[in-house]
Structure formats: structure tokens, C-alpha cells
Amino acid sequence: MKFLGIIGLFGLLMITQPGLAQDEIDGVKFETKLSKNSLGINERLRVDFVMNKDGDNFNPPSFENFTVVGGPNSSISNSWINGKRSYSKTYSYFLAPKKRGTFTIGQATIEINGNIFKTIPIKVEVTAAVTRPKDPNDPDYIVSQNIHLIAEVSNTNPYLNEAINVVYKLYVSPNTGVSNWKEIDNPRYNDFWSQNIDMKGLKVQNGTYKGEDYRFVVLRKTVLYPQKTGKLNIEPLALDITVEVPTNRRDIFGGRLMKSVNKTVAAGSRTINVKPLPESDRPANFSGAVGDFSFQVTTSKDELKATEALIATVEVSGKGNLKLFKLPKLTIPSSLEVYEPEHDERVSTNLGGMQGKIADSYTIVPSYQGKYPIPSISFSYFNPRTEQYETIASDELFINVTEGPVNKTVSPVVSQGNQKQLITGGNQFASFKTRTTLESMESRQFFKSKLFWSSLLGPLLAIPVAILFRRRQQTLENDILGNRKRQADKLARRYLSDAKKNMGDKDHFYEALHKSLHNYLKAKISIETTEFSKEKIKELLTACKVKGNVIDGFIMLLKSCELARFTPSSKAEMQSDYNRAADVIAQMDKQIR
């Protein structure tokens, strides 16, 4: 049955030709059998190494000029005919030729009863590609004709940092059975900034492929921003699918029985030709923004008292690579106290790319009365729709400080037309001390003073304190189990905090929550990773006198973390799971003994 499955997998017509090569001594037979002596370059060759007695240290030939696409597979056959035992053991390989020509399958060796046996080399002819018979029950034929994995790219010639999207669709013809699939090779988007779009369940839809009716599902949606110019490759997505293939067996009503065969399908790699941004007319303050944006600078208030605070916000909103460039810096008069800006991103991503707004908020605190200007600043971006650079300048703003101390050294800025004149007072250096008071050192005696005795006795008193501290450190270092528990407890709290921060990001949230629960158990009941099963956890928690409903709640949280990898989850569900985790951990802290 194992060989039948392999034959179905590669779609070979196996015509075994026994006795082509053998080495027989003392009743031991060791031979090579080929499915065919001549094959097309698009066909597969099966090679069997057969022996009638069990042996050790089997070594196959190098299979030069062939690629091993399957094997080694081994099978053993035992039969009794008229009281006589018949034994056979076979090692099988499936080979794909690399080129046309006449090639040799070299010697294989094996040790049987202390003797080394070798097969005889056999020549194989590889011809030009042949037309294969179209067997409707052949899984290869079914997959090639009725199942297609396609990567649809929205734009194969974008600008640098311009959004494109890739949609992966699995097309299946109406009369083909596919019972299951799983991803076996996820594409790595080298030289792209990428983000997957959350898929809330898979919906079967009707559509057409090359003019024929098909059913299809959208498996994955990804938004990409190219980070390099030139030709960039998008790696293929590969799936392992389960295909229902008819057999020669029939049920009691005469209908054909089906069997499940696993096949691999892949979306072809795609090449994206990324154009560089134009060099001509590029603004000096351009920082890499690509899209369609608006820009503004605002303040929370334009009139206030000294020592009060206001917020000045530099904001860019619109559609484009919002997370991939820096905002222009705000210019603040030196007479105002300003703090480092707080960066805020409110960006969502769909198939069209990023959209939303980003902002830097500056906290400004004036110390004196006056009228202070916030000069205009500009923001430049490249618009791929118009293929031009665009620049937006903010309005000039004024901050009017009405109450507070007056800075006598510097007067407020006075506007005169388009120029600003800074008028200073006559006594600019009034705040600097120009006279000093000298004091005689004779009145200060160091010997037998408090400073003298503390300098003398302080190091002596510090010695026993240092000894006690060192002993305490050595005790902690030698407490390996305690250190592991403390480290696990720190990790549990850190990952629980990470889960809270990633609320809304399903993958990161549930990964952090699962790690938090795992490390919590390691800290509390010293469970190892190899023992991390639900049955073992339940047994250990019961032994620690934890109540059954609390244990069940903990197990349910672990199941939620595992199921979340395959099912969509809303932010409300994540918040509920987080609250349950915090509650269950708090209860277990009180009950564990």
C-alpha cells in the first residue's frame, strides 16, 4: 500500500523488469530493478534495490545526472507458500533526469551475514520530453488541470515606496474534490515593507479562470511597499493540498470509491520592476514620503499665562507610506521651554495601502510675558498619481503670553513688515554676578571635625555591610531553582504587558499571552517545557490545591491561544481573554500552596 501511494503521488506507470542486475552468493540475492530503461526528460524513474535477506549498512549510488524527488522508501514482504517462507526487502528511489543522454545507475552496496554485496551498474537512456497519457485518475493530472494557485499583483511597475498588493487565490474546478490544505512555505518579502491583511474566515466564491467556471477562495492578502529600486522578486506561496482521487474500487451500489492524496501546488514567483523617484525638482526637505497627503501645524491655545503649558502638533494625514518617513521638526524660539515630541500613529492598512494620520506633539512652556512666533515649516512628498513632488507650508502661528514675569534682558519680537527686529534692554548682563564675598579659611578646621571622623570611620563600617551584601548575592546566585522561578515570573509579567500593548494585533497578542501563561506556570509550579501538556498542568495544579473552576479557566485560556492561530479574533475577544487571564492568575496566586 505504501508503494501504491508513492506511485499515485508521482503518476508513474511502473513496469518492473526483474533480473536486470544482481549479485547472488550462498542463496543471497541483491539486485537493481528499474521501472523503465528509457524515459523522457519530463518523466520519472523508479529504482528498486531488492534483497531476499535482511542486511545492514545499505549505501545507494550517487545518482549522478538525476535529482532524487522521492525516497528512500523501504518495504518488507513476508509470505509463506506451502510451508516455505519467502522474504523480500526493498529500498526505492524516485528520480528526475537533469538532462538528455545515456547515463548509468551505479552500484549499491549492503552487508549481509558479514559479506558485502554489490549490484551491477545499469544504463538508462533519457530522451526528449514525451507526451504523457492523460489518466483522469492521476493526481498529477488532476492538480495540473483542475487546481491553480494564483498570485495577483495590483501593480508590477510601482515607484519606490508606492503601495502595491498581492492577493493569493486558490482556484478549483467544480468537479474536483479538495478536502483540506495548509501552507508549507510562506513567501518572505525581501526588500519590501509588508503587512498581511486580516482575513475573517474563508469564503468560497464563483469565478472564472482562463474563460472557464471555477470556484475559488482568497487565502491571503498582503500590502507591500518596495524599499529598493530595480527588479525585485516576490517568492511563491506553496500549499499542501488533499485531493480526492477516484480508485478502481467500487461500493455496493457500483459507485467509485475515492482516496485522499496529498499534492503540493505553488503560485509562481513574480517580478516587480520598481522605478526610482525623479531626481529633477526634488525638494531639499523631501524625506521619503510617497502618497497623497495633507499637512498642518496647530496649537492647543494661542493665549496663556506664563508657566502654563500648550501643545503644538505637527500632523500629516492622508494615504501613503505613513510609517516610513519622519515628520519635519518644529522651530521654537529659544526663549520658550520645549520638550521632546510625543509621536502618535493612527494608521490602518487595507488593500489600498496605509491611510490615517501621524503626528508629533510638542509640549511648550513659556516663562515670561510676550508674543512669540512659531515660524512656518514645510512638508514635501511625491504623489505617484500626478508623478510630481508637492510641498505644503504651514501657517505662521503666534503664542501670546499675557501674565507672568517680564524678561528685562530680552524684549519680545516686534514685526516690521517682513522682517523681525530683536530689541534688547540696556542692561543685558544684569543677571550675572560681578562681585563676590571672600571668607577666611582659618575659621574652618578639618582635624577632629565631623567630616574628619566620618572619613576615618566610614570605610571601617562599610566592610561588614559589604560582607553581608556579598553573602546575600552568593546565596541568590547558588539558588538555581529560585533564580529560574524569579526569571520566569519576570517573563510572565513582561509578556502579559506585551499582550496588553498588542491588543488588536491577533498574532502578537496571543503569542505574548501564551508565553505569559507558560512562564507563570514555570515560576509557580516549576513545570518544564517538555511537560507542558494540558493533562500534566491539570494534575500539578490539582496537587497544589487549586480549585477546579480556576484550573478549567486556565486550560480554556490555553485553548484560546491555540485556536487563535487558525480563527479570526476581534479586539473585544482579545480584551475578554486578557481580563480572564489577569483574573485567573490572581486567583491562582491566592490558591497555590
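The values are calculated or read from the model by the stated rules, or taken from the named source; none is laboratory data. Since we're looking at a predicted model, the values are computed, not measured. Cβ sites come from the backbone with ideal geometry, for glycine too, and all protein chains shown count toward neighbours.
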Practice item. Taking only the range 169-195 into account, find how many residues are under 30 Å from Asp505 (Cβ atoms), among the polar types (S, T, N, Q) and exposed (fewer than 13 other Cβ atoms within 10 Å of the Cβ). Key: 3
Review point. Looking at the range 278-319, which of its residues are more than 30 Å from Pro405 (Cβ to Cβ) and not in a strand (DSSP E or B)?
Key: Pro278, Glu279, Ser280, Asp281, Arg282, Pro283, Ala284, Asn285, Phe286, Ser287, Gly288, Ala289
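Residues checked against (1) over 23 Å from Ala309 (Cβ atoms); (2) out of contact with any His (no Cβ under 8 Å at 6 or more places or on another chain); (3) among the charged types (D, E, K, R):
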| residue | (1), (2), (3) |
| --- | --- |
| Leu322 | yes, yes, no |
| Lys326 | yes, yes, yes |
| Leu330 | no, yes, no |
| Tyr339 | no, yes, no |
| Asn350 | yes, yes, no |
| Ser367 | no, yes, no |
| Ile377 | no, yes, no |
| Glu390 | yes, yes, yes |
| Glu396 | no, yes, yes |
Review point. Inside the range 174-197, can you point out the residues that are at pLDDT below 85 and within 25 Å of Glu235 (Cα to Cα)?
Key: Val178, Asn180, Trp181, Lys182, Glu183, Ile184, Asp185, Asn186, Pro187, Arg188
**Study point:** Breaking point among (1) without any contact (Cβ under 8 Å) to a residue 40 or more places away in the chain; (2) within 44 Å of the chain's Cα centre (by Cα), for Glu43
**Key:** (1)
Check your understanding: Counting only residues that are among the polar types (S, T, N, Q) and modelled with pLDDT of 85 or more, which one in the range 64-76 is nearest to the chain's Cα centre (by Cα)?
Key -> Thr67
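From Lys221, Lys263, Lys200, Lys231, grab the single residue that is closer than 19 Å to Tyr168 by Cβ, at pLDDT 85 or above and of a type in the set (Lys, Arg).
Going through Lys221, Lys263, Lys200, Lys231 in turn, just one is closer than 19 Å to Tyr168 by Cβ, at pLDDT 85 or above and of a type in the set (Lys, Arg): Lys221.
Here's the yes/no breakdown for (1) surrounded by 14 or more Cβ atoms within 10 Å (Cβ to Cβ); (2) in contact with a Phe, Trp or Tyr (Cβ under 7 Å, 6 or more places away or on another chain); (3) not assigned by TED's automatic domain parsing to the domain that holds Ser380; (4) not β-branched (Val, Ile, Thr):
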site	(1), (2), (3), (4)
Leu224	yes, yes, yes, yes
Gln227	yes, yes, yes, yes
Ala267	yes, yes, yes, yes
Ser300	no, no, no, yes
Ala312	yes, yes, no, yes
Practice item. Might you check whether a residue that is at pLDDT 80 or above, assigned by TED's automatic domain parsing to the domain that holds Tyr495, assigned to a loop (DSSP other than H, G, I, E, B) and more than 31 Å from the chain's Cα centre (by Cα) occurs anywhere in the range 569-590? Key: no
Review point. Is it the case that Arg435 is loosely packed, with under 14 Cβ neighbours inside 10 Å and modelled with pLDDT of 90 or more?
Key: no
Exercise for review: Answer yes or no: is there a residue in the range 302-309 that is more than 20 Å from Tyr225 (Cβ to Cβ) and crowded, with 16+ Cβ neighbours inside 10 Å.
Suggested key: yes
Review point. Name the residues in the range 6-63 that are modelled with pLDDT of 85 or more and of a type in the set (Val, Ile, Thr), would you?
Key: Thr32, Val47, Val50
